[in-house]
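Participant: Here's a structure for you.
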There are 2 protein chains.
Amino acid sequence: MDDVFRALADTSRRLLLDRLHGQPGQTLGELCQGLEMSRQAVSKHLAILADANLVVSLKRGREKLHYLNPVPIHEIADRWIGKYQRAPLNALAALKTRLEEKKDDQ
Amino acid sequence: MDDVFRALADTSRRLLLDRLHGQPGQTLGELCQGLEMSRQAVSKHLAILADANLVVSLKRGREKLHYLNPVPIHEIADRWIGKYQRAPLNALAALKTRLEEKKDDQ
DNA sequence: TTAATATGCAACTGTATGGTTGCATGTCAA
DNA sequence: TTGACATGCAACCATACAGTTGCATATTAA
C-alpha cells in the first residue's frame, strides 16, 4: 500500500491517471502530447504507477497500451479511508471553534 | 490538495495519523513514545501534517495537544477517489484476463 | 529563582526523487 | 533491407526530503 500512496503523491502522476481515466489504452507517445515533460519523464512515471499496480499495460507491436487500474484506489478507499470516515467530525468541529476563539495560539 | 497527498505519502506520517485517530489530543512527547524516531523527526512530520490541515493543535501551557482532522481525507475521498470509483472495473477485468493469457508480455 | 520539562528553531547529512540527455532495441513500412 | 517510428535503458544532475545533532525558548514546580 505504501507504493500506492507514494505513487499518488506526485501531481504529474495523478494527471496521468486522470488522462488514462478519460481515455484508456493510450500509448506512451499519446500520453506525452500536450505535456511539458519529456517522453522519458512520462515513461518513468508510468513505471512507478505500474509498480504500484495503478496502471497495467499491454503490448501491441511496437506500441504499449496503458490502462488505469482502479483496484488499488478502491482498496485505499475501503481499507484506509473508511477508518477515518468514522472519525468524530463533531468533536473536531467543537475543537475548531475553540481554536478560532483564541487565534493567537496558531 | 497536493499538500494532502504529499503528507499521506510517508508511512511515518500515516502512523501518526493512526495514533491520533486512536487517541486524540496527544502531545508531541506522547506521540514519540514507542517510536524509533527522534522527537524532532516527529515534530517535523506533525508540521507537514499541520500544513496539509490533517492535524490541528491546541496549546495548553507548555504542552501542545494534537488532533486528527479527517476533513481533507473526506475531501479526497469525495472529490478525487469518487471519480475513480466509477471507473469501469469490468473492462479492466477483461483486460487482465487478456494479460494473463499471454504472460510473456508484461 | 532555579531546575526540570515540553517544545521550537537552525544547520547539517545522506539518500530518494524528478528530470534531463544520449544511445540501444525492437517493430513496422517502403 | 533500410529508414522511420515507439519504446527501453543507463548515466548524470539538481533538488527535495527524512532524519540527526545542538542549542534556544517557554512553562511548570520546588
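Participant: Using θ = phi - 60° and the Karplus form 6.51 cos²θ - 1.76 cosθ + 1.60, what ³J(HN,Hα) does each residue of segment A:12-26 get, whole Hz, x for Gly and Pro?
Facilitator: 4, 5, 5, 5, 5, 4, 4, 5, 5, 5, x, 9, x, x, 6
Participant: Determine ³J(HN,Hα), in whole Hz, for all residues of segment A:49-64 in sequence, where each value follows from phi through the Karplus function 6.51 cos²θ - 1.76 cosθ + 1.60 and θ = phi - 60°; x replaces Gly and Pro.
Facilitator: For segment A:49-64, the Karplus-derived couplings read 5, 5, 4, 7, 6, 7, 9, 10, 9, 9, 7, 10, x, 8, 9, 9 Hz, x marking Gly and Pro.
Participant: Checking the table A:64/B:83; A:83/B:44; A:44/A:83 against a 29 Å threshold on Cα-Cα, which pairs fail?
Facilitator: Listed pairs above 29 Å: A:44/A:83.
Participant: Consider the operator that turns chain A into chain B: which A residue has a Cβ nearest its axis, and what is that gap in Å?
Facilitator: A:9, 2
Participant: Between residue A:25 and residues 5 or more places away or on another chain, which pairs have amide H atoms under 5 Å apart, with H built 1.01 Å from N, and which residues are they?
Facilitator: Residues meeting the amide H criterion: A:66, A:67, A:68.
Values in this text are rule-based calculations from the coordinates and carry no lab data. Because the structure is a prediction, the values reported are computed rather than measured. No Cβ is skipped: glycine too gets one built from the backbone with ideal geometry, and neighbour counts run over all protein chains shown.
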